[in-house]
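This report concerns only the one structure given below.
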Amino acid sequence: MINTRMIEFRDIRDPRQQEFYGHLTPIECGQEIPFDVKRIYYIYGVDHAARRGYHSHRDLEQVLICLGGSVKIQVKTPYEEEIVTLDSPTKGLYIGPMIWREMFAFSEHAALLVLASRHYDESDYLRDYSAYEAEARRYFREAGEHPAVPHI
Ligand code: TYD
């Protein structure tokens with residue numbers, strides 16, 4: 001989908017491949033992450049029935065990583081929508097500007113880590129879907145002249 005894509009992180013395991021040695025996943029800005037990380041936050045302890053998000057950002061890039069358990073992310077524009085399941089610490093979901101997102105179906109103990117390209121700024125949020133839709137139509141019409149946006 002426009003302005004979103006999956007990122008696969010490395011899974012480094014002990015050369016002997018013994019399960020109890022576990023996994024190590026490195027993440028570097030400029031390598032796996034296409035922006036400099038200015039902010040990190042995590043969401044956890046979410047009830048399975050709860051649904052969060054319900055907003056878009058005007059000018060923010062994020063990568064969402066489910067470090068434990070699983071969660072579903074609905075990403076949406078006025079033109080298309082998709083549901084992505086994050087169920088592995090080696091999977092990241094990149095979300096660029098002007099994408100509506102809702103997070104739901106958090107499993108027990110799910111921990112969702114978010115890497116963000118900018119500091120927290122409430123004025124960057126669009127929290128009303130109708131206002132988002134109008135602004136997103138303008139944004140994607142203009143972006144259509146520069147179609148360098150990645151797809152899932
Ligand atoms: P919000 O982004 O609305 O969370 P969600 O979309 O997952 O429901 O943020 C919830 C509250 O936390 C809101 O009052 C703003 C605050 N907040 C910060 O203070 N700093 C942050 O970096 C973030 C993401 C949220």
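The values are calculated or read from the model by the stated rules, or taken from the named source; none is laboratory data. Since this is a predicted model, take the numbers as computed values, not measurements. Please note: Cβ atoms are built from the backbone with ideal geometry, for glycine as well, and neighbour counts cover all protein chains shown. Surface areas here come from the heavy atoms of the whole protein model, side chains and all, with no ligands, DNA or RNA. Shrake-Rupley method; radii C 1.70, N 1.55, O 1.52, S 1.80 Å.
Those residues that are under 22 Å from E122 (Cβ atoms) and polar (S, T, N, Q), I need them from region 41-73; list them, please. Matches in region 41-73: S56, Q62.
Scanning region 86-106 for residues being open to solvent by 10 Å² or more (accessible area, probe 1.4 Å), among the small types (G, A, S) and more than 16 Å from the ligand (Cβ to nearest atom) gives a total of 1. Restricting the search to strands (runs of 3 or more DSSP E) fully inside region 1-82 and requiring at least 2 residues that are touching a Gly at 6+ places or on another chain (Cβ under 9 Å) and open to solvent by 40 Å² or more (accessible area, probe 1.4 Å) gives 4-8. In region 85-99, the count of residues that are in a strand (DSSP E or B) and in contact with a helix residue (DSSP H, G or I) (Cβ under 9 Å, 6 or more places away or on another chain) is zero.
Summed over region 36-85, the residues that are more than 17 Å from Y129 (Cα to Cα), within 11 Å of the ligand (Cβ to nearest atom) and of a type in the set (G, A, S) give a count of 1. Restricting attention to region 127-137, does a residue exist that is assigned to a strand (DSSP E or B) and of a type in the set (F, W, Y)? No, there is no match, as no residue in region 127-137 is assigned to a strand (DSSP E or B) and of a type in the set (F, W, Y). Of the candidates R118, R141, the single residue that is open to solvent by 50 Å² or more (accessible area, probe 1.4 Å), more than 16 Å from A50 (Cβ to Cβ) and more than 13 Å from the ligand (Cβ to nearest atom) is R141. Take the conditions (1) more than 22 Å from R118 (Cβ to Cβ); (2) in contact (Cβ under 8 Å) with a residue 24 or more places away in the chain; (3) within 16 Å of the ligand (Cβ to nearest atom); R10 misses just one of them, which is (3). Cβ separations smaller than 8 Å between residues 6+ apart or across chains give the following pairs from region 39-51 residues that are more than 14 Å from L113 (Cβ to Cβ) to residues that are open to solvent by less than 80 Å² (accessible area, probe 1.4 Å) and near the ligand (Cβ under 9 Å from one of its atoms): R51/E102; R51/M103.
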